[in-house]
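Chemist: Take a look at this one; I'll ask things after.
The values are calculated or read from the model by the stated rules, or taken from the named source; none is laboratory data. Only a predicted model underlies this, so the values are computations on that prediction, with no experimental measurement involved. Cβ placement follows ideal geometry from the backbone for every residue including glycine, while neighbour counts extend to all protein chains displayed. Surface areas here come from the heavy atoms of the whole protein model, side chains and all, with no ligands, DNA or RNA. Shrake-Rupley method; radii C 1.70, N 1.55, O 1.52, S 1.80 Å.
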Amino acid sequence: AGRGVEGVSRWIWVAKWKCFVVGTVGLELKTLDFNFAELTSTSSVKPVLSLEFNEADEELIVGGVGNIRVWAFKKVAESSRMLYHFSGPRLVMQDLDGDDWVCQTIYQPAWNKLYAAVNNSVMIYDYETGQRTETLREIHDLSITSMVFHHEMEYLVTASRDSTIKVWNRHSHLLHSLHSHAQSVTALCLLPSPSLPAAASTPSTPSRASTRQSRGAPPLMLSCSLDGTIRMWNLETGHCMYRLETSSECLGMGWMKRDTFYHFERGGVWVWGLNRFWSCFAYFRSSVTHIRRIESPHTPARILTVTEDGSIRLLSPVTGTVLATGFPVISDIGVVDVEYDIAQASKEKITCLTSITLTRFIEPQPGQMKPYPSILALLGGTDSGQIAVVDVRTGGKREMVVQAHTAEITAVTCDTRLMKVFSAGKDQSIKIWTISLPSTPPSNPLQVLTNLTPSAAQQWSKSKAMPSIQLDLLMTVQVEGDVPVQRMW
């Protein structure tokens, strides 16, 4: 190597400029060409511990001992080529102590925030002004070794020498604490979108277009550790989906191109191909031996599974949520086969209710009690995302109307005057439904909604027929944020 690369402590490749940027033990920042010949240089003032290039603003973010500097550049044409000279730091964050080590930074363009891993804490700065806006203080027992930001899920993931990985949401609340590694975690890598070209597969700073293309795929991440393992994680569930044993301590990892990554040890560099996981319907810690879809004309379908540990599970075919789990009485008994009587199965849990009432009050005859109930029936939202009719005359007998949401329904309300039903669920959506009454049979008890006479109400009160209605979807509204709607009126 040439003289320009002596004593390199940190380095990055800047694809936009087709050059290297390095920090040296001599407190210098340099740009180098393909042959490692020095192009430009300046003083870094303090030791360089991390480098990050902000391509959108063409700025270099340098983390050091006790400070963070954002360097700007100026373009200079020399010998028929364009060079980029350091023009000085645009920002200097000096609110850190002299013994604080900034081991990594992440620029988040959507919020114009800069995340800095400082010892075992994370400092969050306004990228424009350099003011600190928030501190995640001492979130690990030992210093942070790696940090990534999942732009689509808005998750910050931190890894530490204490062998843990932690997943944080946009409000800095802890979602998952992952403990599968036995020693220090040395690197984290987000899986790039399968639709990106190979050159764009940089997981730490994906473009907004790439996050749109990756919607629908599970948020996956790779981690490596000094325990010699590489693990694949589902960030949404916190489950370790795959473990790869290597020959020695893993010191770091990164992407070469789409679905091809490398890790390095003291003795060499290893390159791996990745078989893409497109989705994870349900996660079990034991291998599945039996799986079957159970259907019935009048009840919701279910997925019946048996695993090697003898446990039996019922799953929602819509979301993959485990609705019920059964275990063998004796632990060493193996399940050979299983059947499910869906007709005798327990009903879904009703999570919210609304009433179907008369749209105007009908006066009873003088001297008589009102001969009919004011509530004709109940509409209930269930934990499996269905809306069901609950008959108040028959001890709560219910019948499913529609699979309304892909997750638990949290609120439902009915306006019989407008013949509308409004529902909200944990799938972050609000839906508006139109109530329609089947034309057959003509004696449908809920015809009292449109035929409000005393005789019709009395007929409804005495009838034993199950109420029959139909809900037609009119509109869907997506709700932003992490907290589902709890009440509507």
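Chemist: So Thr133 passes all but one of these: (1) among the β-branched types (Val, Ile, Thr); (2) surrounded by 13 or more Cβ atoms within 10 Å (Cβ to Cβ); (3) free of Cβ contacts under 8 Å to residues at least 40 places away in the same chain. Which condition number does it fail?
Modeler: Exception for Thr133: condition (2).
Chemist: So Leu446 fits all but one of (1) modelled with pLDDT under 60; (2) open to solvent by 30 Å² or more (accessible area, probe 1.4 Å); (3) not polar (S, T, N, Q); what number is the exception?
Modeler: Unmet for Leu446, out of (1) modelled with pLDDT under 60; (2) open to solvent by 30 Å² or more (accessible area, probe 1.4 Å); (3) not polar (S, T, N, Q): (2).
Chemist: Also, quick follow-up: So for segment 87-106 (the condition being under 24 Å from the mean Cα position of the chain (by Cα), crowded, with 17+ Cβ neighbours inside 10 Å and not polar (S, T, N, Q)), does at least one residue qualify?
Modeler: yes
Chemist: Could you check segment 149-165 and list, in sequence order, the residues that are under 23 Å from Thr246 (Cα atoms) and under 20 Å from the mean Cα position of the chain (by Cα)?
Modeler: Thr158, Ala159, Thr164, Ile165, listed by residue number.
Chemist: To continue, here is another question. Which of the residues spanning segment 290-315 are surrounded by 15 or more Cβ atoms within 10 Å (Cβ to Cβ), among the polar types (S, T, N, Q) and modelled with pLDDT under 90?
Modeler: Thr299, Thr307, Ser311
Chemist: Of these, Gly23, Gly7, which one is at negative phi and either surrounded by fewer than 17 Cβ atoms within 10 Å (Cβ to Cβ) or within 39 Å of the chain's Cα centre (by Cα) (or both)?
Modeler: Gly23
Chemist: Which of the residues that make up segment 414-432 are crowded, with 18+ Cβ neighbours inside 10 Å, assigned to a strand (DSSP E or B) and not small (Gly, Ala, Ser)?
Modeler: Of everything in segment 414-432, those that are crowded, with 18+ Cβ neighbours inside 10 Å, assigned to a strand (DSSP E or B) and not small (Gly, Ala, Ser) turn out to be Cys414, Val421, Phe422, Ile430, Lys431.
Chemist: Among what's in segment 48-57 and is crowded, with 16+ Cβ neighbours inside 10 Å and not hydroxyl-bearing (Ser, Thr, Tyr), pick the residue that is farthest from the chain's Cα centre (by Cα).
Modeler: Val48
Chemist: Here's a follow-up. How do the pairs read when you match residues in segment 280-300 that are of a type in the set (Val, Ile, Thr) with residues anywhere that are not in a strand (DSSP E or B), using Cβ under 6 Å and keeping only pairs 6 or more apart or on different chains?
Modeler: Thr289/Glu308; Ile294/Tyr340; Ile294/Ile342; Thr299/Ile342
Chemist: Tell me which residues, restricted to segment 276-287, are over 28 Å from Ala404 (Cα atoms) and either open to solvent by less than 70 Å² (accessible area, probe 1.4 Å) or at pLDDT 90 or above (or both).
Modeler: Within segment 276-287, Arg276, Ser286, Ser287 meet the criteria.
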